[in-house]
1. I'd like the carbon and sulfur percentage of the solvent accessible area for chain B, probe radius 1.4 Å, heavy atoms only, ligands and nucleic acids excluded.
2. Against the longest alpha carbon principal axis of chain A, how many degrees, from 0 to 90 and to the nearest 10, is the axis of helix A:2-39 turned?
3. Would you mind computing, in nm to one decimal, how far apart the modelled labels at A:ASP98 and A:GLU250 are, each placed 7 Å from Cα along Cα→Cβ?
4. How much FRET efficiency would the formula 1/(1 + (r/R0)^6) give for B:ALA194 and B:VAL138, where r is the Cβ-Cβ distance and R0 is 60 Å, rounded to 0.05?
5. Which whole-number percentage describes the relative contact order of chain A, with Cα contacts under 8 Å and a sequence gap of 6 or more?
6. For the peptides B:11-19, B:240-248, A:387-395, B:201-209, what is the packing order when you average, over each peptide's residues, the other Cβ atoms within 10 Å and list the highest mean first?
7. Would you pull out the residues with amide H under 5 Å of A:LYS136's amide H, same chain only if 5 or more places away, H placed 1.01 Å from N?
8. Can you tell me how the protein assembly as shown classifies by the Cα gyration tensor, rounded, prolate or oblate, using a/c under 1.5 as the rounded cut?
Amino acid sequence: MKTHKRKKAASIVLASLLSISLTACGSGGTDSGTSASSDNKNAKVTLELAISKSSQDSAFIQQDVLDEFEKQTNITVNLQLIPAEQTTTVLQTKLAVDETPDIIQYNLASAITDLNLERNFEILDNEPWASRIVNKDVLSSGGHLYSFHVSQDTGMQGVVYNKQIFEELGLSIPTNYEQFLAICEKIKASGITPVFMPYKDAWAANIWPAAAFADFTAKNDPTFFDDLNSNKRKWSDIPEFKTFLEQQYEVYTKGYTNTDVLSDSYDMAVGKFLNKEVAMMFMGDWLIEGVAEQDPSMELGVFPIPSSENASLGASPLGGQLFIPKKSKHLEEAKKFLDFIASKEIAQKIVDSKGYVSNLNDVTTPELPAYKQDIVDHYITPKKTVLTTDAYMLVDRSELYRLLQDQFAGGMTPEEVLKSWDEKFSQLMQDKGISGF
Amino acid sequence: MKRAKNLYSYYMVFPALLIYSIFFVVPAIAAFYYSFTDWRLDRIDLKFVGWANFEKIFSDKTLILALKNTAIFAIVTVIGKNLIGLLLAVALNMRLKTKNLLRAIFYSPSILSILVISILFTPMLRTEGTINSLLEAVGLHSLSQAWLTNPSIVIWTIAIVSIWQSAGFQMAIYLAGLQSISQEYYEAAKIDGASSWKSFFKITLPLLLPAININLMLTLIGGLKVFSEVYVMTGGGPGNASQVVGTIILRSFGEGNWGLGTAVNTLLFVVVTIIAIPLLIFMRRKEVTE
């Protein structure tokens, strides 16, 4: 009796194991089927383009563009829309297990830290469109082109300000810190909060230092970030960094900001500007777009963080560029897609419809919104922009943001902020296996 | 024959056991293994690093702070939720006209998700928020605080919100316990001339021990695993002032340090087990049956 039952149990186990292995075989079979068909030149290729759901208005995935591409090349593009809050994790996992999409839209600076840019993505230096790119910096890392976009305008960071308030009070754009404080004083006297600081969102506290540090090192210490990333020097080695952090804090302690800086969050900013409660904010020009959407009559502009004399405008390395993973199953076709987008006709169409600053020398920039035209005339054309520190940091930056928040909570001096970030930075670099740490 | 019958029951359990093992036991063991490796998102080659992750945990100031905050949160909420829950239960176990309505009112916060509660409380706890306005309206200016942005009180604030949300749930369990106590004991005590304090300590409390037991376990484990309220209200901030173990795990994963994240998680598991199991055994022994 006992053995009989045992046999029965064994057969159940066997049967279930068999069914598992059979399903495994089945899926293996289909896999080899697809790879065989991709070798066949007559078969239709389908490209997988992975993109965050939050970027679903992206210029690259407009249906008419994809349709046109399919008509010309007989290649279909299949979109994978990834939920915004999971984009990074999903892409990290896909790359780690070699289940890579053929094209990914992501932003360059985060790709360096999140997605291991050098290991995972193709260098695009020799692509046919590469020679036509006007501003290579916004698409490059470590001296190589890794990404593609038809626009060179990736978001500018500085002091977003209300032009109307400036005009009414007869103020002009400050070119140094003392002038900036004087302007704050005048705005405060008129009953308007000079600066809105939404530092419940810790990242917002980084706009000032990210541009100020980058501007200082670009002008005075161009090798600093190389030294930093090879552990030859530290954040706390530059005394001016401390000064810049003190400056931002001083704007708060002098009473030029909202009182509750650690309770107010970025999502309140548009409303504050619409109500004319505030005159300025250390932020990116995406804020201006947000305000204009609500009320096109608002005239906002952006000027450089006035940390030192005649600072440059911070150029955010963020934005949505296209990348091709090295392990893409259809490398050639994926590159064809970039060629197609970069073609004069298609790129012109995209640039026109989105109001982009063109990054291809044979594609003309359309008439831009006033603030954007301002940025182009005063900063981009005279090359008065500087890539913010985000572009140089190889590790997750959120701990730095928290430390900056700590400064405003009264828990840390600027010196301690930089010291603590040094410690965390070198630990993160060490974890990442960067030599020298 | 009896033996065969026993075996037969095991066949029935087998599918459930298999699923449970695949989806729970195996990942748990895997997590235990991964907590001893340098598992990272940007490196596929796993290396066994022994205790390195745990050493890192105890040398990281923020992690120590997080452990401290978790301990404060757990202790404060265990005491608060149970004390208030018990008081409410005893009060609402009396013959009050409005007791059903009051029970519903006190229970209602625990129906809502803690996420919703946290989102609702965040603006109320601002420096210029409702709570401070209320305090000022009744003349308690001195008590108004930067509830969520003052590093030295933020974890207490979050604990109080958590108590407010959950005390009604503890009340419900205590009420159930109270109602299972037979009135005869109280009548007998009354005849013997016992004061109501005495009958509370000599009858109610001992017979309520199973309910107290459950509540202590639930609140303690919940307190040690705190995440949602901190994540929503402060995200661990300002700075790192309100980091708890749960948010540190999230931070480690966000930094790409999956091995370290799993190690913190394993540590949390061990700490919860070490505290919970002896407590459970101790409390079980104290229980009496009617």
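The values are calculated or read from the model by the stated rules, or taken from the named source; none is laboratory data. Everything quoted here is computed from the prediction, not taken from an experiment. Here the Cβ is made from the backbone with ideal geometry for all residues, glycine too, and neighbour counts use every protein chain on show. Protein only, heavy atoms only, side chains kept; ligands, DNA and RNA dropped before computing areas. Shrake-Rupley method; radii C 1.70, N 1.55, O 1.52, S 1.80 Å.
1. 71 percent
2. 70 degrees
3. 5.7 nm
4. 0.90
5. 24 percent
6. Peptide ranking by packing, descending: B:240-248, A:387-395, B:201-209, B:11-19.
7. Here the answer is none, since no amide H 5 or more places off falls under 5 Å of that of A:LYS136.
8. Cα axes put the protein assembly as shown in the oblate bin.
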